[in-house]
Amino acid sequence: MTEYLDVDVRPILRAGGEPFSVIMAAVDNIAPGQGIRLFAPFKPVPLFGVMAGKGFDHSETEIGGGEWQVLFTPMEAPPPAPVPAAQAGGQWPEPKIRLDNRELDPPEPMVRILAAAETLGPGETLSALLAREPVFLFPQLERRGFNWLGGFLPDGVTYELTVRAPS
Amino acid sequence: MIGGSVSKWTMSYFAMGIAWLFAAEALMIAGFGYPAADIAASGTLVLVHVVAIGWLSMCICGALLQFVPVLVGKALFSEAAALPVLGLLTAGLIALLLGFLALGGRLPPWLWLLPLGATLLVAGFGLFAANLVLTMWYARPLAAAARFVLVGLAALGATAALGTSFAWALAGYGGSVLNAVLEAGIPLHAIAGLGGWLTLTAMGVSYRLLAMFMMSPDVDSGRSRTTLLVGAVTLGLAIAGGLAAIAIQAGLDLVFVLTSICGVATVALYGRDVADLYRKRKRRVLELNTSMAVYAFTSLAASVVLGLALALRGSFAADIGAFVFLIGFGWLSGLVLAKLYKIVAFLTWLETYGPVMGRVPTPRVQDLVVEPRATKWFAAYFASVWLATALLLAGQAPAFRVAAFGMMLATAGIVQELLRTRTLADVTTNARLPQGAKLPRLLHS
């Protein structure tokens, strides 16, 4: 039976804070085999890819009032050296656009993500699958005021990026 | 911010490096330095340091300031240090070259120029290395390619330490210890510089650039770690073993035999990794930078074969000039020129169109270059270098100067292509400068 550490990010978000580092600190502190029970005021979709990259399955339940409980359970076989990278904040709705840029020649993935990002409404998100970490894209996103959250999926080669338009 | 923005002074480093490359080619055409002069003559020292510090180190420093942040996913520790480093390296190199000229009697005997030049160079390289090491320190654990750079920087330190001790000894401030190092240690300085700093760094950066530009999966980290380990052992053997042999006044022959065995193994392992990158690429059609890099890899392999052949024939010491020339111009310069062709285009594209991308139609990176035109110049460059190597082996110094002239013409052609790329001269679409995009400055981003 998996034991879960409770992490409630609702007060942090209500206070306008940044929960990502708290969640990552919890991941670093739990014992092997232990999971995390996360309470959030929204369904934290972008986090799923990051946690998968760290070797956790997720199962989410709505607990009323638009709030969610998510169980992150350690996978049987942890993935090889995942590399998470992120810059997050605020509420992240389900992606409005999903792009699969894995087969495109660079820098085409970057061009498409920026083009798609320009069509997002305030606070909307898009998600993209890539063949590598888009390091040259990040400064462009930040310059335009977008937030992003990204990490390698458990396969170790697919990079999932979620971009959120400024609200 | 994660390190994917354009480093401000990278283009200035490239321009400075290219200026020194032209200077080196002009010296060779004029018959200054080896092979017209003795391998140990002051003119040869000038030529070698113009190539190794002015051209190759300058370009590799500029490229590392841009790509180490990309390798480790962290911004550069200090962007502000880039310009002082460029100034210190340039001033240090000029002082060193003048010191060599003084040594050869072409200037009054101002031998203090040698330690002065060495000190300025140590300050420049030291500031540069500290900047990169701190950048990597905050980005641990390190990616495989970054570890190569770290070992390359350690070799740079050894090269600079040996070079500095030579400078003091040549200026007459040496004492018995430094004089003993000067007498036997010059090959160690060359191995640390060419083999350690320049070659290992170029290898490390090439892993990432080739993977990026060809859409290949990164080389398995266990395998690249083996390559690096053998490379580091080679250097350790050469430098520590060499200094130990000098200290106990033993000959260096055993050190050189062991170093060459390990060196050949390093190149073989690297060749295996690079072949993998090409084989597993997703981008089937090679771009010019990756197809021309093949000639640089061929030159590296050829220099290993040449070195072994010369050693077996017993003429390695006599023909070392041809061996070093092939490493310096075929392998290192060839790779740097091929990669510059892509790096300049990519950074110019990113700088010009990044801010408006996705909002208006923008040209593609490949629209900034005309590869068929540039291919001719690269072909001429490598043909001239290989011809020049053959002429060096055949002892044909006058004909070598003609081949050097061919190298300069080809370099001028390649540089003209780089300038056209930087000024967007070949972008023919209506979207050359869409609203919000500015023509980049030539030397400063």
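The values are calculated or read from the model by the stated rules, or taken from the named source; none is laboratory data. Everything numeric here is computed off the predicted structure, so don't read it as measured data. Here the Cβ positions follow ideal geometry from the backbone for every residue, glycine too, while neighbour counts run over all protein chains shown. The protein model used for the area step is the full one, side chains on, heavy atoms only, and it has no ligands, DNA or RNA in it. Shrake-Rupley method; radii C 1.70, N 1.55, O 1.52, S 1.80 Å.
Relative to the dominant Cα principal axis of chain B, helix B:58-72 is inclined by about 60°. Peptide A:106-119 has a mean shielding of 4, counted as Cβ atoms of other protein chains within 10 Å of each residue's Cβ.
Restricting the calculation to alpha carbons of the protein assembly as shown gives Rg and Dmax of 26.8, 89 angstrom. Whole-percent P(r), the stretch B:280-410, all Cα pairs, 5 Å bins from 0: 2, 10, 17, 17, 15, 12, 9, 7, 5, 3, 2, 1, 0, 0. Beta bridges from DSSP with both residues in the protein assembly as shown: antiparallel share about 70 percent, rounded to the nearest 5.
Pairs of Cα atoms nearer than 8 Å and 6+ residues apart set the relative contact order; for chain A it is 22 percent.
Put simply, the amide H of residue B:8, placed in the peptide plane, has no neighbours under 5 Å, leaving out anything fewer than 5 places away on its chain.
Counting, for every residue in A:135-144, the Cβ atoms of other protein chains within 10 Å of its Cβ and taking the mean gives 6.
Charges were assigned to the Cβ only: +1 to each Lys and Arg, -1 to each Asp and Glu. The resulting dipole of the protein assembly as shown about its Cα centre is roughly 1180 debye. Counting only alpha carbon atoms, the long axis of helix B:288-313 and the longest principal axis of chain B meet at about 20°.
Over chain B, what is the relative contact order in percent, taking alpha-carbon pairs closer than 8 angstrom and at least six residues apart? 16 percent. Rounded to the nearest 500, the 222 nm mean residue ellipticity of chain B from helices alone is -22500 deg cm²/dmol, with -39,500 (n - 2.57) taken per DSSP H run of at least 4 residues. When +1 charges are put on Lys and Arg Cβ atoms and -1 charges on Asp and Glu Cβ atoms, the dipole computed for chain B relative to its Cα centre reaches about 1340 debye. Here the relative contact order of the stretch B:283-437, from alpha carbon pairs under 8 Å that lie six or more residues apart, stands at 29 percent. Share of carbon and sulfur in the accessible area of the protein assembly as shown stands at 66%, probe radius 1.4 Å. Each residue of the stretch B:119-133 is assigned a 3J(HN,Hα), and the resulting list reads 5, 5, 5, 4, 4, x, 5, x, 5, 4, 5, 4, 4, 6, 5 Hz, derived from the Karplus form 6.51 cos²θ - 1.76 cosθ + 1.60 (θ = phi - 60°), x at Gly and Pro. Projecting the Cα atoms of A:97, A:9, A:158 onto the dipole axis of the protein assembly as shown, where Lys and Arg carry +1 and Asp and Glu carry -1 at the beta carbon, places A:97 farthest toward the positive end. Phi angles across the stretch B:216-225 convert, under the Karplus curve 6.51 cos²θ - 1.76 cosθ + 1.60 with θ = phi - 60°, into 3J(HN,Hα) values of 9, x, 4, 4, 3, 5, x, 6, 5, 5 Hz, Gly and Pro given as x. For residue A:7, the amide hydrogen comes within under 5 Å of the amide hydrogens of A:37, A:38, A:39, counting only partners 5 or more places away or on other chains and with H modelled in the peptide plane.
Loop only per DSSP, at most 14 neighbouring Cβ atoms within 10 Å: give me the trypsin sites (Lys or Arg not before Pro) in the stretch B:182-285, ordered by residue number.
Answer in residue order: B:280, B:282, B:283, B:284.
Selection among A:45, B:380, A:56 by position relative to the dipole of the protein assembly as shown gives B:380 as farthest towards the positive end (Cβ unit charges, Cα centre).
If you run the Gaussian network model on chain B, springs between alpha carbon atoms under 10 Å, then out of B:234, B:423, B:259 the most flexible one is B:423. Excluding same-chain neighbours fewer than eight residues apart, the aspartates and glutamates reachable from residue B:376 by a Cα-Cα span under 12 Å are B:417.
Please list A:22-28, B:184-190 highest first by mean number of surrounding beta-carbon atoms within 10 Å per residue. Please report the intermediate quantities before stating the final value.
Values: A:22-28: 15.0, B:184-190: 19.4.
Ranking, from highest mean packing down: B:184-190, A:22-28.
The angle between the Cα long axis of helix B:201-214 and the longest principal axis of the Cα atoms of chain B comes to about 20 degrees, rounded to the nearest 10. Karplus-based coupling profile of the stretch B:359-374, in residue order and whole Hz: 9, 9, x, 10, x, 8, 4, 5, 6, 7, 10, 10, 5, x, 5, 6, with θ = phi - 60° in 6.51 cos²θ - 1.76 cosθ + 1.60 and x standing for Gly or Pro.
Residues whose amide H comes within less than 5 Å of that of residue A:56, counting only those at least five positions distant or on another chain, are A:75 (H built at 1.01 Å from N in the peptide plane).
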